[in-house]
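Everything below concerns the one structure shown next.
The values are calculated or read from the model by the stated rules, or taken from the named source; none is laboratory data. Everything quoted here is computed from the prediction, not taken from an experiment. Quick reminder, even Gly has a Cβ in these numbers, built from the backbone with ideal geometry, and neighbours come from all protein chains shown.
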Amino acid sequence: MKKIAVLALLSCIAFGALSAQSIKVLLWDDPLTKIIQSNIPDFEKATGYKVEVEMVAPPQVLPKTAVGVTSTSSDYDVVPMDEGNIPVFASLMSPYDSLPDGKVFKKTPKESVTPAMLDVGIWDGKLIAFPINGNIYVWFTRQDMVDNPKYKAEFKAKYGYDLTVPATFKQLEEEAAYFTSIGIGGFGPFNGGPAGVVAEAVYMWESFGTSFINWVGGKPKVVLDEAKAVMGMEFYKKLMTLSPKGSETWAHNERIAAFCADPKGVFTQFHWPSYIASYENPDKSLVSGKITYSAPPGGPAKRVAIRGAWAVGVPLAAKNKAGAAEFVYWWTSKAISQKVVEGNAIPARTEVLQDPAYAKNMPWLAAIADSMKYAVARPRLKEMPQIQDVVKKYWIMGITGQMPTVDAIRNITKETNDIIAKAAY
Amino acid sequence: MTSSRKPPIKQGVEARADGGAHPSLTRKSGKGREGAPLLFLIPALVVVFAVLLFPIGFSLYVSTFNWPLSEGMGPRVFVGLGNYGALFTDAEFWNSLKLQLGFVFVALPVELLLGFGAALLLNREFFGARVVRTLLLLPVFFLPVLSGITWRFMLQPRYGPLSQVLVSLGIPETSWLGNPGWAYAAVLMQDIWRMWPFMFMLLYAGLTSIPNELLEAAEIDGAGYWKRIRIVITPLLTPTIMTALLLRLIDALRIFSEVFTMTEGGPGSATLLFSLYTNKQAFTYMKVGMASAMAIFLLVLSVVFAATLVRKNMSLDVLERKAGNR
Amino acid sequence: MRRNRPAVNALIACAAFLVLAIELFPIAITVVNGFRRDVVILSGKPFELSQLSLRSYKLVLERPGFQKSLVTSLVVGLGSTTASVLIAAMGAYGISRFRFKGRNILAYSFLIFRMLPQISLVVALYLMYKFLGLRDSAGGLIIAYTSFNVPYVIWLLLPFFTSVDSSYEEAAMVDGCTRFQVFFKVFLPLVAPGLVVGAVFAFINSWNEFLYALILTGINAKTAPVALNSLIGSDILTWGQVCAGGTLMLVPVFIFTVAMQKFLIRGISAGGVKG
């Protein structure tokens, strides 16, 4: 046993010495990271580092990071974090300001990212991970349906105004009702994973003028206004009746299928920009080039776009911090951000998003920039995974009529309060 | 097709009046052989206990802590039996246990019946019999995650192939996975579809080793087909059936990825089986202490189960007596 | 052999093929979808077989690390199957042929250990493997898989072992064979069908395992289920590629079983037990 331990120790030391020149990077599998991965040889040539990439499905990033990164040791030099997990890992990451300057690539200025998106990586006032994608609610509408003369005329005759891309909840509801009446899915809800359901719930609540959880005096507090929250849920419940059959279980895959592969599937819905590549891929989509992108329709209280981006950080215990920092600077540089845009993915860097050279061929970029003006984050606290499950459970019951919406909202408030109380802030 | 040699199957219960072990091979062989079972068991003991003993001990230890999966979630705090207390007052926990037990008690018997029936029917030669026997096993080999998403895909209204078949049979288009009852039924269906051929394979292998002499003797005695099944085949197959059930039970208690990709435990908690809830505690809520407490609870439940039900029907002595009872 | 009545046989053959068709329906869908474009897959015409192409296969095989993961899976699967069957056969022999104190308890503790959900063991295994330097290696995975396969195979083999009469072994021992010679030369051939069944399931268990593979490996020893899962769990599900990858993963298990079936039949006749 002792021998094995010594051997293991020795091999660890030897391995440690070897890996000084390599950078271990954990990535989530996604069109954006594929673009990064394919450009890594250039980075290796420029810096002399060897990059070892481990790519896993997005939901697997959390367990891999949770197990592999502690304050004293880290399996990776660079780790990605989904916005919701920033509070969990913040204390294990090197603040961006403390990272050494790069030898080859210049430290990317924080100002290169829109403030609404930079917020993603900030915890306790410090930037602990650098936002790397511009992921925020964008509205997808079938332009070919909007342009259809028959639909146009019928809609105008019925509602008295022109059929356009919905910009308000009233328009959204009436247009969805019209298309449902002629056998086309009016709206595409999201009822999949808990994080996504919370995004829809917060979108409704904020649109009707109430927040879910706020930090008050260093403590999280449920501030949901019952009347407004019920109105938001009721509106979504109405939209559910204007959605295709089976949509009460729709996650991303089913929504993409309905919108892209079924000509009569869905007229209008939100999606994250990271999915645009799929909607515009003729292999997967019958509607590529036929979609208009816009900021989400605004509710009675205000216009809202939910944010949900990834950020990359360097663990405090990373073995090769200099290399890791260099990698982050390279990734967030202008040149790589341009490559990301060219691959139909969305970087966080503002100047690239707003570059007129891309605007013409990539109409969604303007919509993303527009959405960013209305950016709203979901609540951020360590207990969010549990709270999400509570919200999802009662939200779905409320919007599908299994439970009165008032009761659903009350249950959400009560059980969320219980979770926060148990966490003892 | 009769064998020229005497088949090495034990005949007659008289020879085994002691109920199982082989005296001539053990005690009577002298003291020098006392160490022999150990020699045979050492590799299994080493590989199973060396790899699992630490994790199980660790689980037990962790179950008394508030132990976040990530250090960033906060410190580890000793809570004694607090996790167990929290579990027993958690409605979700009892619900998941109920769903899991329901799953076991419905899926397994159905799988057994289908597997037994198929083994009886296919234990003969007809055109394509070998092809059928081989291809029937494909679902068992199917990657569980893939099985889950395929079933999810098949059940989607509008474009799902199974949904279309059902509609063409006159059943109204339904959101199968959106309804708590149907979703649970669908999860059961998926498992039955995937795993009854497993029962079939084991029972078929057991059937082929039943000597024809016994069946022929019963037939000469005037026993009809059903009677032969009841008085000759079933008793001889009992050990195999018990093993098959036990092995399926082990897997059914750990079922995860197929259900997760199919329903994620939903809608609501309608398909949140015990195993899925354990996983959720560990990897979503990042409460390893709670997940470990759930695992230990399952361990205790399994021990009780083994000590009562299994021991009665399947202790080694019974197994051997059954085998000797021919 | 039972007497074959042609009419009954024809009826059973029909029923068997019908059941087979139902069983293979989901798999057929997966296989076919591997050759279709995503937009066709989702179009709601599951049996329209136009525009088939090998593109998804090309794409999935070109994914960085996918081919390597298939090789790793094969190595780990075969390695752990060999080890599991050998070790479990010895263990089951020890349990079924000797009477010693604590025999029942030992047999059950194997079984109960196998009932523990992997989730509750994997964090501890990760820490242990990190300490021993076994992380992210095929060898480490083989050990882990063998540990959960051995109890399974032991219990799978017990009924086969107990149903074999010990008179052959006794005769061989009288002839002067040692216990191990008896085990390997006389006993194992007798229980070959059981060993084959054990091997098939040990292989499937290893081949399809996901959680250990996810947590205990990194870049070097990533297995095919983990690689395929990053296609399935990825934000954008590429149906065609998932189905192509899934079909590719069915091929080795299928070949393995067909090859094993030959052994199975040979094993039965060698044992002199004829069905």
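Any chance you could count how many residues in the stretch A:260-282 are outside any helix (DSSP H, G or I) and either touching a Gly at 6+ places or on another chain (Cβ under 8 Å) or closer than 19 Å to A:PHE187 by Cβ (or both)?
Quick first cut of the stretch A:260-282, residues outside any helix (DSSP H, G or I) only: A:262-272, A:280-282.
Okay, now just the ones that are also either touching a Gly at 6+ places or on another chain (Cβ under 8 Å) or closer than 19 Å to A:PHE187 by Cβ (or both), so A:262-272, A:280.
Qualifying residue count for the region: 12.
Taking interchain pairs and intrachain pairs at least six residues apart, which have beta carbon atoms under 9 angstrom, with the first residue in the stretch C:239-250 and farther than 13 Å from C:SER73 by Cα and the second acidic (Asp, Glu)?
Filtered contacts from the stretch C:239-250: C:TRP239/C:ASP38; C:GLY240/A:ASP283; C:GLY240/C:ASP38; C:GLN241/C:ASP38.
Restricting to the stretch B:215-236, what's the tally of residues that are in contact (Cβ under 8 Å) with a residue 12 or more places away in the chain and more than 9 Å from chain C (Cβ to nearest Cβ)? Outline the logic, then answer.
Looking only at the stretch B:215-236, we keep the residues that are in contact (Cβ under 8 Å) with a residue 12 or more places away in the chain, and these are B:215, B:218, B:228-229, B:231-233, B:235-236.
Imposing the further condition that a residue be more than 9 Å from chain C (Cβ to nearest Cβ) reduces the set to B:218, B:228-229, B:231-233, B:235.
The total comes to 7.
Working only within the stretch A:97-128, note down all residues that are surrounded by 14 or more Cβ atoms within 10 Å (Cβ to Cβ), over 18 Å from A:GLN338 (Cβ atoms) and either among the aliphatic types (A, V, I, L, M) or within 17 Å of the chain's Cα centre (by Cα) (or both).
A:LEU99, A:ALA116, A:LEU118, A:ASP119, A:VAL120, A:GLY121, A:ILE122, A:LEU127, A:ILE128
Looking for something farther than 21 Å from C:THR82 by Cα and facing another protein chain (nearest Cβ under 7 Å) - is there at least one such residue anywhere in the stretch C:137-156?
Quick first cut of the stretch C:137-156, residues farther than 21 Å from C:THR82 by Cα only: none.
No - not one qualifying residue is present in the stretch C:137-156.
Which residues, counting only those in the stretch A:364-390, are part of a loop (DSSP other than H, G, I, E, B) and under 13 Å from the mean Cα position of the chain (by Cα)?
First, the residues of the stretch A:364-390 that are part of a loop (DSSP other than H, G, I, E, B): A:373-374, A:377-383.
Once the filter is applied, which keeps residues that are part of a loop (DSSP other than H, G, I, E, B) and under 13 Å from the mean Cα position of the chain (by Cα), the stretch A:364-390 yields A:ALA377, A:ARG378.
Of everything in the stretch A:227-260 that's surrounded by fewer than 22 Cβ atoms within 10 Å (Cβ to Cβ) and acidic (Asp, Glu), which residue is farthest from the other protein chains (Cβ to nearest Cβ)?
A:GLU234
Go through the residues of the stretch A:212-233 one by one and say whether even a single one is among the aromatic types (Phe, Trp, Tyr) and part of a helix (DSSP H, G or I). Before the answer, list the steps.
Taking the stretch A:212-233 as the starting set, the residues that turn out to be among the aromatic types (Phe, Trp, Tyr) are A:212, A:215.
From what's left, part of a helix (DSSP H, G or I): none.
Within the stretch A:212-233 (the criterion being among the aromatic types (Phe, Trp, Tyr) and part of a helix (DSSP H, G or I)), the answer is no, since none of the residues qualifies.
On the basis of being out of contact with any strand residue (DSSP E or B) (no Cβ under 8 Å at 6 or more places or on another chain) and within 17 Å of A:ALA377 (Cα to Cα), does A:THR210 make the cut?
Values: out of contact with any strand residue (DSSP E or B) (no Cβ under 8 Å at 6 or more places or on another chain): yes; within 17 Å of A:ALA377 (Cα to Cα): yes.
Yes; evaluated as a whole, the condition is true for this residue.
Go through B:PHE274, B:PHE256 for me and flag whichever is facing another protein chain (nearest Cβ under 9 Å), under 21 Å from B:TYR184 (Cα atoms) and modelled with pLDDT of 90 or more. I'd like the intermediate steps shown before the answer.
On the way: B:PHE256 fails: modelled with pLDDT of 90 or more.
Just a single option satisfies the conditions, and that option is B:PHE274.
Here is a list: C:SER109, C:SER53, C:SER43. Which entry is free of Cβ contacts under 8 Å to residues at least 24 places away in the same chain and touching a Lys or Arg at 6+ places or on another chain (Cβ under 8 Å)? Walk me through it before giving the result.
Numbers: C:SER109 fails: touching a Lys or Arg at 6+ places or on another chain (Cβ under 8 Å); C:SER43 fails: touching a Lys or Arg at 6+ places or on another chain (Cβ under 8 Å).
When all the criteria are applied, what remains is C:SER53.
Among the numbered conditions (1) surrounded by fewer than 20 Cβ atoms within 10 Å (Cβ to Cβ); (2) in contact with a strand residue (DSSP E or B) (Cβ under 8 Å, 6 or more places away or on another chain), tell me where A:ASP75 comes up short.
(1)
Could we say that A:VAL88 is in contact with a Ser or Thr (Cβ under 6 Å, 6 or more places away or on another chain) and either closer than 29 Å to A:PHE270 by Cβ or of a type in the set (D, E, K, R) (or both) here? Outline the logic, then answer.
Working: in contact with a Ser or Thr (Cβ under 6 Å, 6 or more places away or on another chain): yes; either closer than 29 Å to A:PHE270 by Cβ or of a type in the set (D, E, K, R) (or both): yes.
Answer is yes for this residue.
In the stretch C:85-93, is there at least one residue being in contact with a helix residue (DSSP H, G or I) (Cβ under 7 Å, 6 or more places away or on another chain), away from chain B (no Cβ under 12 Å), outside any loop (DSSP other than H, G, I, E, B) and of a type in the set (Ser, Thr, Tyr)? Let's see the steps before the verdict.
So in the stretch C:85-93, the residues in contact with a helix residue (DSSP H, G or I) (Cβ under 7 Å, 6 or more places away or on another chain) come out as C:85, C:87-93.
Filter again for away from chain B (no Cβ under 12 Å), leaving none.
For the stretch C:85-93, residues in contact with a helix residue (DSSP H, G or I) (Cβ under 7 Å, 6 or more places away or on another chain), away from chain B (no Cβ under 12 Å), outside any loop (DSSP other than H, G, I, E, B) and of a type in the set (Ser, Thr, Tyr): absent.
Looking at A:ASN344, A:ASN361 in this structure, which one is closer than 25 Å to A:SER288 by Cβ and under 19 Å from the mean Cα position of the chain (by Cα)? I'd like the intermediate steps shown before the answer.
On the way: A:ASN361 fails: under 19 Å from the mean Cα position of the chain (by Cα).
After ruling out the rest, the residue left standing is A:ASN344.
How do the pairs read when you match residues in the stretch A:163-182 that are in the same structural domain as A:PRO149 (by TED's automatic domain parsing) with residues anywhere that are aliphatic (A, V, I, L, M) and buried (at least 17 other Cβ atoms within 10 Å of the Cβ), using Cβ under 6 Å and keeping only pairs 6 or more apart or on different chains?
A:LEU163/A:VAL146; A:PRO166/A:LEU172; A:ALA176/A:LEU242; A:ALA177/A:LEU242; A:THR180/A:LEU242
Mind counting the residues in the stretch B:119-143 that are closer than 30 Å to C:GLY245 by Cβ and either facing chain C (nearest Cβ under 7 Å) or assigned to a loop (DSSP other than H, G, I, E, B) (or both)?
Final tally of qualifying residues: 12.
Can A:PHE130 be described as outside the structural domain of A:SER288 (by TED's automatic domain parsing) and of a type outside the set (Lys, Arg)?
Working: outside the structural domain of A:SER288 (by TED's automatic domain parsing): yes; of a type outside the set (Lys, Arg): yes.
Here the answer is yes, as A:PHE130 does meet what is asked.
A:VAL223: crowded, with 18+ Cβ neighbours inside 10 Å and of a type in the set (Val, Ile, Thr), yes or no? Give the steps one after another, and end with the answer.
Details: crowded, with 18+ Cβ neighbours inside 10 Å: no; of a type in the set (Val, Ile, Thr): yes.
In short, no.
Each row is one residue, and each column tells you yes or no for (1) surrounded by fewer than 23 Cβ atoms within 10 Å (Cβ to Cβ); (2) more than 11 Å from every other protein chain (Cβ to nearest Cβ); (3) in contact with a helix residue (DSSP H, G or I) (Cβ under 6 Å, 6 or more places away or on another chain).
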{"position": "A:VAL390", "(1), (2), (3)": "yes, no, yes"}
{"position": "A:ILE399", "(1), (2), (3)": "no, yes, yes"}
{"position": "A:ALA408", "(1), (2), (3)": "no, yes, yes"}
{"position": "A:LYS414", "(1), (2), (3)": "yes, yes, no"}
{"position": "A:ILE419", "(1), (2), (3)": "yes, no, yes"}
{"position": "A:LYS422", "(1), (2), (3)": "yes, no, no"}
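Out of the residues in the stretch C:223-252 that are modelled with pLDDT of 85 or more and surrounded by fewer than 22 Cβ atoms within 10 Å (Cβ to Cβ), state the one that is nearest to C:PHE35 (Cα to Cα).
C:THR247
Filter the stretch C:27-57 for residues that are within 14 Å of chain A (Cβ to nearest Cβ), of a type in the set (S, T, N, Q) and part of a helix (DSSP H, G or I) and give the result.
C:ASN33, C:SER56
Does B:TRP151 count as buried (at least 23 other Cβ atoms within 10 Å of the Cβ), among the hydrophobic types (A, V, I, L, M, F, W, C) and not in a loop (DSSP other than H, G, I, E, B)? Reasoning before the result, please.
Numbers: buried (at least 23 other Cβ atoms within 10 Å of the Cβ): yes; among the hydrophobic types (A, V, I, L, M, F, W, C): yes; not in a loop (DSSP other than H, G, I, E, B): yes.
Yes, satisfied.
Please work out if C:PRO64 is in contact with a strand residue (DSSP E or B) (Cβ under 8 Å, 6 or more places away or on another chain) and either more than 9 Å from every other protein chain (Cβ to nearest Cβ) or not in a helix (DSSP H, G or I) (or both). If you could, list the steps in order and put the result at the bottom.
Details: in contact with a strand residue (DSSP E or B) (Cβ under 8 Å, 6 or more places away or on another chain): yes; either more than 9 Å from every other protein chain (Cβ to nearest Cβ) or not in a helix (DSSP H, G or I) (or both): yes.
Taking the combined requirement at face value, the residue satisfies it.
Sort out which residues of the stretch C:104-136 are more than 22 Å from B:LEU247 (Cβ to Cβ) and either of a type in the set (Asp, Glu) or more than 7 Å from chain B (Cβ to nearest Cβ) (or both), and write them in order of number. Show your work before the answer.
Of the stretch C:104-136, the ones more than 22 Å from B:LEU247 (Cβ to Cβ) are C:123-136.
Scanning the stretch C:104-136 gives C:TYR126, C:LEU127, C:TYR129, C:LYS130, C:PHE131, C:LEU132, C:GLY133, C:LEU134, C:ARG135, C:ASP136.
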